Every structure is written in structure tokens, then in C-alpha cells.
Amino acid sequence: MELYEKVEDVNSREDLIKFINQLRMDLQINKGKWENVTLEDYLEAMEAWVNDMDGYYLNINQPLPTQPSWKTIADILYASSMYE
């Protein structure tokens, strides 16, 4: 299962903890595939993605979350690894 598919399984705090672990391990193994490998770049991408996330949810035919869920946090963390 690809990392982006694992985001869909995040429904609880425990799921998010597992996802963060998988995200960290993916960075160690696939650093060359990540767009944002420094903390500064990752946080900049996170800020930009959260600012633009309306478009992401519109593209996948989902409503913009009014109250972030555990999955929303996983979406943000995953997107920040590659968002430019």
C-alpha cells in the first residue's frame, strides 16, 4: 500500500500516530522522492497547502472540513511532503 493510500485509513489519534511513523520512515527510505526534505521547506509547503486546500477538497468532490479531523491532519502532513 502506498503512503497516499494510508491517509485514507486515518480515523483516530492512534491511526495518526501510525501514519506519522510511516511518513517519517518514508522520508528516510525515499528522501529523493520528497519535494520538501528540510523542516523549513516542509513547513513552508504546509502553510501553502493549508492556504490552498479548498482546491484539493473541491478536486476530490469532498467538502472543505470546517472542523479538522485526524484524517485532515494526515492530509496536511502528507501533502506537505510534496507541495510546491
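No lab work stands behind these numbers, since they all come straight from the coordinates. Remember, it's a predicted structure, so these values are computed and weren't measured experimentally. No Cβ is skipped: glycine too gets one built from the backbone with ideal geometry, and neighbour counts run over all protein chains shown.
Structure notes:
- Highest-first arrangement of 27-40, 44-57, 68-81, where packing means the average Cβ count within 10 Å: 68-81, 44-57, 27-40
- This structure gives percent of Cα pairs over 23 Å apart, computed directly, and of [x] 18; [y] 43; [z] 47 that value is listed as [x].
- Cα-based reach from Lys33 at 21 Å (exclusive), listing lysines while leaving out same-chain residues under 8 positions away: Lys6, Lys18
- Neighbourhood net charge (12 Å Cβ-Cβ; Lys/Arg +1, Asp/Glu -1) for Pro65: -1
- Within straight-line cross-link reach of Lys31, aspartates and glutamates at Cα separation under 14 Å, skipping those fewer than 8 residues along the same chain: Asp41
- Using a Förster distance of 35 Å, the FRET efficiency for Tyr56-Glu14 (Cβ separation, nearest 0.05): 0.90
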